[in-house]
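First the structure, in the form of structure tokens, and then the observations on it.
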Amino acid sequence: MPLLNQGELRALLERELPGALDPTRPVNRYGNVEATHQLEVEDQASDTMGDTSPPPATGDAAAERQADVVDKEEPSVPPLSQDDAVVRAERLPDVAAFLRDRLGYDYLSRVTAVDYPAYGLIEVVYHFYRIEGGPGQIVRVRVPRDNAVIPSITPMWPGANLEERVCYDLFGVHFPGHPYHKRIYMWDEFEGHPMRKDFEKIGDSYYHFKWKGEGGEE
Amino acid sequence: MLKTEELQINIGPQHPSTHGVFRLMATVDGETVVHLEPVFGYLHRNHEQLGEIWTYLQTITITDRLDYFNSMINEHGYCMTVEKLASIEVPERAEYIRVIMSELSRILNHAAAIGFWLQDMGSWGTTLMFGFRQREMIMDIFESVGGSRMMCNYMRFGGVARDLTPNLVEQINLFLEGFPQFIDDFERLMMENEILLARSRNVGVLPKELAAAYSVTGPVIRGSGIPYDIRRAEPYSIYDRFAFDIPVGSVGDVYDRFLVRMEEMRQSHRILRQAMEQLPQASGSYINQAYKAASKQQGLRLPAGEAYCRVESPKGELGYYIVSNGGNSAYRYGIRAPSLINLTALNDMCRGYTVADIVVILGSIDIVMGEVDR
Amino acid sequence: MRAMWEFFFGVGWLATLTSYLTITTAILVAGSLVMMLLTWIERRGLGYMQDRKGPNRVGPFGLFQPIAEAIKTITKEDITPTDADRWVHFLAPVVILASTVAAFAVIPWGNLIPVDINVGVLYIVAVSAVHTVGILMAGWASNNKFALLGGMRGVAQAISYEIPQVLSLVSIVMLVGSMSVVDVIQNQMDPYGNILSWHIFTPVGLLSFIVFWIASLAEGERPPFDNPEAESELVAGYMTEYGGMKFAVLFLANYLTNFAICAVTAGVFLGGGNGPGSDIPILGTLLSVFYFLAKSLGLFFVMVWIRGVVPRLRIDELMHFAWKFLLPLALVNIFSTSLWIAIIRWGAEQGMGIAEALGAPGSIARIAVAWVVTAIINVVAFFLVARLNATRGVTTYQATPTAV
């Protein structure tokens with residue numbers, strides 16, 4: 001089985017499974033996918049979650065660190081590349097079966113979701129490996145944030161069961177066909193999807209301290 | 001016919017043998033398990049989101065707390081991923097030290113895992129205490145090297161935080177000398193015990209054909225007969241320089257996993273001996289000199305891109321996925337926790353066995369809730 | 001004892017009553033003190049087996065640890081779960097403790113015995129069987145599924161293991177010819193010197209001892225049979241919902257049962273109280289108490305030893321063991337005992353004409369023949385039953401060494 005890099009995989013998929021690939025998106029002059037949405041994500045150095053950085057040490061190390069923290073440039077968004085094996089959501093089970101049966105990638109290592117509010121996407125990344133060893137393959141699925149639906153590959157790969165539940169719970173990606181589509185970390189009545197970039201950093205608003213003379217909210 | 005009902009038992013978050021706060025809702029028919037539903041989230045500490053807020057260096061401290069039984073391996077995996085993305089080269093001596101610490105962590109983990117598994121079976125802690133004696137010796141080494149017994153915070157980008165002093169090398173060699181005796185004692189005490197065999201043979205079988213589909217890794221998949229070890233499948237660090245075997249079981253039951261873990265301790269000892277022999281000839285320093293300054297570590301900015309690196313943790317395949325946007329903290333920081341994925345198979349492994357077997361099977365998968373809930 | 005009180009009250013029912021009350025108090029006090037000693041032995045012993053020290057803070061060598069624990073349990077709040085059946089929950093520990101303590105009425109402490117009834121052995125077994133009811137009460141009344149599971153397991157285990165226990169004692173009763181505990185002990189004093197006549201040193205007695213010991217471990221819920229209290233599976237089994245004083249009562253009952261078992265074993269098989277010099281008038285009584293305690297505590301140490309090493313049997317394996325291993329052995333043992341008695345004591349009129357040819361009843365030749373015959377039967381039976389019940393063989397795994 002030849003080892004493929006991303007471009008080759010993309011070409012192979014174009015040949016074998018027509019219509020599976022995601023159409024290319026408009027690029028900006030850096031070759032990155034054009035940012036289509038206003039960036040609403042907060043500054044990474046902001047302190048709405050409370051000061052999580054450790055107390056500054058003494059000396060110029062502290063000054064340097066302060067400088068790092070203070071003069072943050074505008075948060076940039078990681079680029080979405082063009083020649084990866086990006087697959088349409090509804091064709092994902094076919095592509096996964098193709099990888100397993102034809103190319104021999106029979107071990108699914110991870111299902112990860114990454115939130116790109118700037119592009120209005122959630123990208124779900126699947127890492128496939130072979131049991132015999134060797135480097136793996138990556139398959140990406142990009143779904144719009146407000147309608148994140150990907151057919152579940154749990155019927156084919158039972159190992160994806162819990163990972164897909166994590167993606168549902170923390171990112172809000174729905175997986176029709178999943179045998180047990182429930183939240184996994186948060187309790188069932190929780191609203192919202194905590195790992196999304198626009199999830200309000202509300203602190204621990206479920207637990208109210210009532211100080212003397214102050215209200216109930218944090 | 002007598003009308004019987006299925007009883008739903010809650011093996012609740014507070015339980016002596018659920019290895020942490022972990023809830024299992026078991027539906028049993030008499031004593032036979034019909035369905036198992038695990039409930040997670042009791043130890044969810046928002047690890048992945050913290051990784052997005054803190055700098056890369058600060059995140060090393062929380063990677064320790066993922067799999068808190070063997071902390072060094074978590075750090076190893078994370079540092080590897082960051083170095084891959086930033087193209088930082090790690091000198092040879094640092095690689096040797098990292099391998100030594102990782103293999104010591106593996107022994108740490110297996111000694112405790114086997115001990116706790118036997119404790120769950122009712123052996124009231126004798127073997128556990130023997131395992132803990134070895135753990136104490138290793139934790140003394142960790143304390144000398146990293147400052148803390150369990151959450152060592154020792155590895156840095158480009159190497160490790162401190163060098164190994166000759167005293168420490170002496171200490172490690174002493175430990176390695178006494179170690180084979182411990183394993184032999186352990187084996188003699190427990191391996192052919194009739195009750196142990198009766199309770200673990202053919203219990204919790206995971207057939208070979210299903211193992212890869214379930215994405216289980218570590219001693220679970222090796223017990224089922226598939227020799228998948230990342231140190232061989234996709235060698236990282238300097239593992240391709242050491243001669244070691246990969247123990248593989250045949251049946252896939254709980255006893256096989258126990259045997260695999262025992263043998264893995266032996267193989268770790270073998271790797272450690274080779275590493276200690278080769279350590280004096282290793283070139284380079286304990287850290288990449290360009291990244292030695294603390295400010296360089298703290299202010300490390302990774303170029304935009306992503307990386308996914310896996311290490312062979314004693315529990316399975318531990319993977320780190322970092323997406324960077326050019327800043328000094330991750331845009332997305334994800335962890336592939338072996339304990340969580342190994343638990344996918346728990347329902348199928350337990351079905352048809354009795355309630356008493358649930359804890360035995362759970363102990364043989366060897367989970368730690370820090371990883372499962374992150 | 002009665003004579004002493006007669007001196008004070010004159011003859012009559014008052015003297016009898018007070019004498020028995022004194023004895024009862026003495027037994028209860030002695031029992032509790034021994035129980036404290038037992039917990040100390042257990043914890044220190046387990047500690048040293050696990051390469052650590054046991055309790056060593058409270059008092060020299062941790063000897064006052066049981067007192068500290070007693071104070072702790074007494075001062076704890078007594079909680080009854082809301083939905084639990086109040087009266088059953090309250091009475092369960094009482095039932096268990098009562099059945100255990102009642103068995104102490106016929107256990108001889110050396111040469112002293114509270115009451116010598118002529119069905120002592122039967123009485124002990126019968127009364128200690130009542131604790132099964134208490135276990136079920138405790139499990140049911142706690143309104144907790146774990147406790148219920150633990151209670152059911154406990155009952156199943158207790159009634160299964162009572163049968164081999166009783167049947168093994170039947171052999172001894174047949175040997176002795178009487179059910180009185182004192183007679184059983186006396187029987188071990190007769191023929192030769194003082195040690196070799198213990199029942200354990202006869203083939204019949206040895207097999208009987210093995211069966212009785214293992215079955216009693218299960219009765220007393222000691223590891224490897226501590227399923228009802230399986231801590232790692234059911235938290236504390238039927239004792240889960242008990243705290244404070246009620247838990248202390250259950251704990252006390254558990255240790256008293258185990259001590260009673262050790263005492264009975266020492267008496268029936270090891271000639272409890274017999275030893276060099278135990279027939280001298282006053283000093284002999286003290287010596288016999290000392291010997292008795294030494295033997296019982298030695299047997300208890302063996303119980304602790306077994307606990308330190310062996311994991312727990314699963315409930316179905318436990319049942320298999322009782323019904324398929326111990327019960328056949330006990331039955332075979334009864335058969336061998338009858339052969340033993342026939343060869344040694346019977347004469348021509350009972351059909352053992354052959355035996356007459358060897359000599360008079362009780363002669364050395366006959367005893368030797370009986371020894372050989374019963375030894376062969378018992379050993380063969382043991383290995384046969386063990387072979388029939390063998391677990392699946394150990395298949396060693398294969399390590400696949402991969403090339404570097």
Within the range A:88-117, residues in a helix (DSSP H, G or I) and hydrophobic (A, V, I, L, M, F, W, C) come out as A:ALA89, A:LEU92, A:VAL95, A:ALA96, A:ALA97, A:PHE98, A:LEU99
Would you please name the residue that is nearest to the other protein chains (Cβ to nearest Cβ), looking only at residues in the range B:238-264 that are touching a strand residue (DSSP E or B) at 6+ places or on another chain (Cβ under 7 Å) and part of a loop (DSSP other than H, G, I, E, B)? B:ASP245
Go through (1) modelled with pLDDT of 80 or more; (2) of a type outside the set (S, T, N, Q); (3) within 17 Å of B:ASP357 (Cα to Cα) one by one and return the number of the condition B:TYR42 breaks. (3)
Of all residues in the range B:184-207, how many are surrounded by fewer than 18 Cβ atoms within 10 Å (Cβ to Cβ) and part of a helix (DSSP H, G or I)? 7
Considering every residue within the range C:139-149, establish whether at least one is closer than 24 Å to C:PHE212 by Cα and aromatic (Phe, Trp, Tyr). no
Condition (residue is more than 30 Å from B:LYS296 (Cβ to Cβ), within 12 Å of another protein chain (Cβ to nearest Cβ) and assigned to a strand (DSSP E or B)) applied to the range B:39-54: is it met by at least one residue? yes
Among (1) modelled with pLDDT of 85 or more; (2) on the phi > 0 side of the Ramachandran plot, where does B:GLY30 come up short? (1)
Quick one: would you say B:SER295 is small (Gly, Ala, Ser), farther than 19 Å from B:GLU52 by Cβ and more than 12 Å from chain A (Cβ to nearest Cβ)? no
One residue is enough: does the range A:179-189 have a residue meeting the conditions more than 10 Å from every other protein chain (Cβ to nearest Cβ), closer than 20 Å to B:ARG310 by Cα, modelled with pLDDT under 85 and out of contact with any Pro (no Cβ under 8 Å at 6 or more places or on another chain)? no
From (1) open to solvent by 20 Å² or more (accessible area, probe 1.4 Å); (2) touching a residue at least 12 places away in the same chain (Cβ under 8 Å); (3) at the interface with another protein chain (Cβ under 9 Å from one of its Cβ atoms); (4) assigned to a loop (DSSP other than H, G, I, E, B), pick out the condition that doesn't hold for B:SER283. (3)
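Conditions tested, residue by residue: (1) in contact with a strand residue (DSSP E or B) (Cβ under 8 Å, 6 or more places away or on another chain); (2) away from chain C (no Cβ under 14 Å); (3) not charged (D, E, K, R).
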residue: B:MET101; (1), (2), (3): yes, yes, yes
residue: B:LEU108; (1), (2), (3): no, yes, yes
residue: B:TRP124; (1), (2), (3): no, no, yes
residue: B:ILE138; (1), (2), (3): no, yes, yes
residue: B:ARG149; (1), (2), (3): no, yes, no
residue: B:ASN153; (1), (2), (3): no, yes, yes
residue: B:THR165; (1), (2), (3): no, yes, yes
residue: B:LEU168; (1), (2), (3): no, yes, yes
Take the residues in the range A:118-149 that are open to solvent by 10 Å² or more (accessible area, probe 1.4 Å) and assigned to a strand (DSSP E or B), then tell me which one is farthest from the other protein chains (Cβ to nearest Cβ). A:VAL149
Assess whether B:ILE246 counts as being under 28 Å from B:THR344 (Cβ atoms), open to solvent by less than 10 Å² (accessible area, probe 1.4 Å) and not charged (D, E, K, R). yes
Which of the residues belonging to the range B:319-337 are among the aromatic types (Phe, Trp, Tyr) and facing another protein chain (nearest Cβ under 7 Å)? B:TYR321, B:TYR331
Does the range C:64-86 contain any residue that is of a type in the set (A, V, I, L, M), crowded, with 16+ Cβ neighbours inside 10 Å, assigned by TED's automatic domain parsing to the domain that holds C:LEU252 and out of contact with any strand residue (DSSP E or B) (no Cβ under 7 Å at 6 or more places or on another chain)? yes
Members of the range B:132-147 that are open to solvent by less than 40 Å² (accessible area, probe 1.4 Å) and farther than 13 Å from B:LEU104 by Cα: B:GLY146
Search the range A:182-201 for residues that are over 22 Å from A:GLU123 (Cα atoms) and pair each with any residue that is among the basic types (Lys, Arg) and open to solvent by 40 Å² or more (accessible area, probe 1.4 Å) when their beta-carbon atoms are under 9 Å apart and the residues are at least 6 apart or on different chains. A:ASP188/A:LYS182
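Every residue, every condition in (1) open to solvent by less than 50 Å² (accessible area, probe 1.4 Å); (2) within 30 Å of C:GLY273 (Cα to Cα), yes or no:
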residue	(1), (2)
C:LEU33	no, yes
C:ILE96	yes, yes
C:ALA103	yes, yes
C:GLY110	yes, yes
C:ALA126	no, yes
C:ALA129	yes, yes
C:GLY139	yes, no
Give the range A:141-155 a look and list any residue that's under 15 Å from the mean Cα position of the chain (by Cα) and within 15 Å of A:VAL111 (Cα to Cα), or say none. A:VAL141, A:ARG142, A:VAL143, A:ALA148, A:VAL149, A:ILE150
Of all residues in the range C:16-32, which are without any contact (Cβ under 8 Å) to a residue 40 or more places away in the chain and closer than 16 Å to C:LEU97 by Cβ? C:THR25, C:VAL29
Single match in B:PRO235, B:PRO303, B:PRO227 (criterion: within 14 Å of chain A (Cβ to nearest Cβ), more than 24 Å from the chain's Cα centre (by Cα), surrounded by fewer than 24 Cβ atoms within 10 Å (Cβ to Cβ) and not hydroxyl-bearing (Ser, Thr, Tyr)): B:PRO303
Of (1) at pLDDT 75 or above; (2) closer than 14 Å to C:GLY154 by Cα; (3) open to solvent by 10 Å² or more (accessible area, probe 1.4 Å); (4) among the charged types (D, E, K, R), C:LYS246 satisfies all except one. Which? (2)
Output the residues belonging to the range B:340-354 that are open to solvent by 10 Å² or more (accessible area, probe 1.4 Å) and either among the β-branched types (Val, Ile, Thr) or under 22 Å from the mean Cα position of the chain (by Cα) (or both). B:THR344, B:ASN347, B:THR354
Anything in the range C:257-306 that is loosely packed, with under 15 Cβ neighbours inside 10 Å and on the phi > 0 side of the Ramachandran plot? List them, or say none. C:GLY277
Between B:LEU85, B:LEU66, B:LEU57, which is surrounded by fewer than 24 Cβ atoms within 10 Å (Cβ to Cβ), among the hydrophobic types (A, V, I, L, M, F, W, C), touching a Gly at 6+ places or on another chain (Cβ under 7 Å) and touching a residue at least 60 places away in the same chain (Cβ under 8 Å)? B:LEU85
Does the range B:319-330 contain at least one residue that is over 30 Å from B:LEU43 (Cα atoms) and either modelled with pLDDT under 85 or under 23 Å from the mean Cα position of the chain (by Cα) (or both)? yes
Every residue from the range B:12-26 that is at pLDDT 80 or above and either within 12 Å of chain A (Cβ to nearest Cβ) or surrounded by 15 or more Cβ atoms within 10 Å (Cβ to Cβ) (or both): B:VAL21, B:PHE22, B:ARG23, B:LEU24, B:ALA26
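The values are calculated or read from the model by the stated rules, or taken from the named source; none is laboratory data. Nothing here was measured: the structure is a model prediction, and the numbers come from that model. Cβ coordinates were reconstructed from backbone atoms using ideal geometry, including for glycine residues, and neighbour counts include every protein chain displayed. Just the protein is used for accessible areas: all its heavy atoms, side chains included, with ligands, DNA and RNA removed. Shrake-Rupley method; radii C 1.70, N 1.55, O 1.52, S 1.80 Å.
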